[in-house]
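The values are calculated or read from the model by the stated rules, or taken from the named source; none is laboratory data. On a predicted model such as this, the values are computed, not experimentally measured, just so you know. Note that each Cβ is placed from the backbone with ideal geometry, even for glycine, and that neighbours are counted across all protein chains shown. Calculation scope for accessible area: heavy atoms of the full protein, side chains included, ligands and nucleic acids excluded. Shrake-Rupley method; radii C 1.70, N 1.55, O 1.52, S 1.80 Å.
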Amino acid sequence: QTAKNWSESVIKQDEIDKYLINGKDFIDENEINEKLKTNVNHSKEDIRKIINRSLNINRLSFDETAALLNVKDEAIWEEMYAAAAEVKRRVYDNRIVFFAPLYCGNLCVNNCKYCGFRNENKDEVRKVLNFDEVKKEAEAVIDEGHKRMIVVYGEHPKTDANYIAESIKQIYSVEKKAKSGKMNRIRRININAAPMCVSDLKKLHEVGIGTYQVFQETYHKATYNDVHESGPKSDYRWRLYALHRAMDAGIDDVAIGALFGLYDWKYEVMGLLYHTADLEKRYGIGPHTISFPRMTPASGSDLSTNSKYLVNDEDFKKLVTVLRLSVPYTGLIITAREKAELRKEIIKVGCTQTDASTKIGIGEYSGVDKAELENKQQFTIGDPRPLDDVVRELAEMGKITSFCTAGYRCGRTGEKIMTLLEKTEEGKFCKLNAVLTFREYLDDYASEETRKVGEKLIEKELKEIENMKFYKAHKLTDLMTDYYERVSNGERDLFI
Ligand code: SAM
Ligand code: SF4
């Protein structure tokens, strides 16, 4: 099958039409513009009331979110930064979940103007990993100490749903010995891949993917059409309902995102909120996470450097803050696209997940010809530090790295996890699993320096756990003491 034929055959119109309401999308551009236009100049008191609703872990309305986006007073923004950090603490405590991205291929039938992988970029050296290479990459990622991956695919017949499913099976099968002698493996695989039809999505569900992530890029249709000239991705609606189809295929753990820099950032935040609200309305659960990649320079892409909507660092912090306040119980992902200093700042206003030791060249973890690499990656990385350095920096800030993957293996996904998050209870389970997996990391992979800082943090965490009523009431204190001892003695993968 040629790329062109495949491109034409992939979209199933009936799997778009069934989600339209009276022929319309859930994104109503006029309504978003109206809300952004009218919710201006709210009093400090009004804004504080909205902040308080968020502090009580309520999802904010469209109007409330627009009001926050339009705040001008820097002193109020300072209050919002502090509130966002507090919301994060209440729902997710001081944990940060780590993952590593793995790029399986850079062949792509689409022509996204901002991406180095786009079909018409003749400078890009194309490669799809075979399954032996995929396994080698997985081994190298395990060697860093990771337990979670997001596997990323271009859209191409050579990396179709069957390839994706097989690559996931292969990665789950890899085991690698740590320097401590303990065997480790990737325990959760999330994917970032093109929109698919329900029958293909079922194949991915069957092999046990964690989260299925699709970014809308921009919710503004005219901009969307302008930057996606050809290929299946040029169909705005096929992408807009990708995660609705995933839900219908049984994948109840989905993730959304927008590529900031294509259109007005305030509009995109509203778009992400409308998307969240629509998933909640139809399926009872919103997205597990929201991503907000900022467009970074990509090979051969003028747009990636000269778009008039590029978001500066200040506005970036503001948009993440509003998202944190607006959707208190949704995970927020900041990636290594950002430079170390900024990432540290942004984590403070409420991110729950990040990546480290990130390599986005195809085959880069396990070592490919370095000279070729330059034109084998999608964009540029801002913070290339190894996992150990980032873990240590966070531990110094009092934040514990979690490699927890218990949630989905204990059935805490979908509606169940959302209810726990809304009641601020999920964070309490995660705190236990964070300590157990951090202990594993310190023993299996950490440098001496990181181990020292990490142990102090674990001590503090264990004291908190011992004193918390929640754990006593749920009879978890003794279980945790037992598990912690067993992990310290070398048992692996115990979770609560
Ligand atoms: N091909 C699939 C797709 O487009 O959905 C998945 C992989 S694509 C490599 C993953 C994401 O990378 C895109 O959704 C986009 O948001 C992001 N991306 C593309 N070009 C970028 C750039 N220049 N800077 C930052 N992120 C970019
Ligand atoms: Fe292909 Fe995704 Fe890049 Fe677009 S963003 S060119 S679909 S890999």
| note | Within the range 130-144, restricting to residues that are of a type in the set (Asp, Glu) and touching a residue at least 24 places away in the same chain (Cβ under 8 Å), the one that is nearest to residue 388 (Cα to Cα) is 144
| note | Every listed condition ((1) more than 14 Å from ligand 1 (Cβ to nearest atom); (2) assigned to a loop (DSSP other than H, G, I, E, B); (3) of a type in the set (Phe, Trp, Tyr)) holds for residue 263 save (1)
| Among the candidates 91, 40, 71, 87, which residue alone is touching a residue at least 12 places away in the same chain (Cβ under 8 Å), among the aliphatic types (A, V, I, L, M), surrounded by fewer than 14 Cβ atoms within 10 Å (Cβ to Cβ) and under 23 Å from residue 321 (Cβ atoms)? | 40
| request: Sort through 179, 147 and tell me the only one that's of a type in the set (Lys, Arg) and either free of Cβ contacts under 8 Å to residues at least 40 places away in the same chain or open to solvent by 50 Å² or more (accessible area, probe 1.4 Å) (or both). | output: 179
| field | Condition met for residue 245 (away from ligand 2 (no atom under 16 Å from the Cβ) and either surrounded by fewer than 21 Cβ atoms within 10 Å (Cβ to Cβ) or in a helix (DSSP H, G or I) (or both)) | value | yes
| Which condition breaks for residue 304 when tested against (1) part of a loop (DSSP other than H, G, I, E, B); (2) buried (at least 21 other Cβ atoms within 10 Å of the Cβ); (3) out of contact with any strand residue (DSSP E or B) (no Cβ under 6 Å at 6 or more places or on another chain); (4) at pLDDT below 95? | (1)
| said: Out of 58, 33, I need the residue that is in contact (Cβ under 8 Å) with a residue 60 or more places away in the chain, surrounded by fewer than 20 Cβ atoms within 10 Å (Cβ to Cβ) and within 25 Å of residue 333 (Cα to Cα). Which one? | reply: 58
| task | Provide a single number: the residues in the range 336-351 that are within 17 Å of residue 314 (Cα to Cα) and outside any helix (DSSP H, G or I). | result | 6
| query | Is the range 112-130 home to any residue that is under 20 Å from the mean Cα position of the chain (by Cα) and open to solvent by 40 Å² or more (accessible area, probe 1.4 Å)? | reply | no
| task | Of the numbered conditions (1) over 27 Å from residue 11 (Cβ atoms); (2) at pLDDT below 95; (3) within 16 Å of ligand 1 (Cβ to nearest atom), residue 93 fails exactly one; give the number of that condition. | result | (3)
| remark: Counting only residues in the range 182-208 that are away from ligand 1 (no atom under 14 Å from the Cβ) and under 17 Å from residue 289 (Cβ atoms), the one surrounded by the fewest Cβ atoms within 10 Å (Cβ to Cβ) is identified as 188
| task | Could you look through the range 212-247, keep only residues that are more than 17 Å from residue 272 (Cα to Cα) and under 22 Å from the mean Cα position of the chain (by Cα), and pick out the one that is nearest to ligand 1 (Cβ to nearest atom)? | result | 233
| note | The lone condition residue 64 fails out of (1) within 16 Å of ligand 2 (Cβ to nearest atom); (2) touching a residue at least 12 places away in the same chain (Cβ under 8 Å) is (1)
| request: Could you tell me whether the range 139-157 includes any residue that is within 14 Å of ligand 1 (Cβ to nearest atom) and aromatic (Phe, Trp, Tyr)? | output: yes
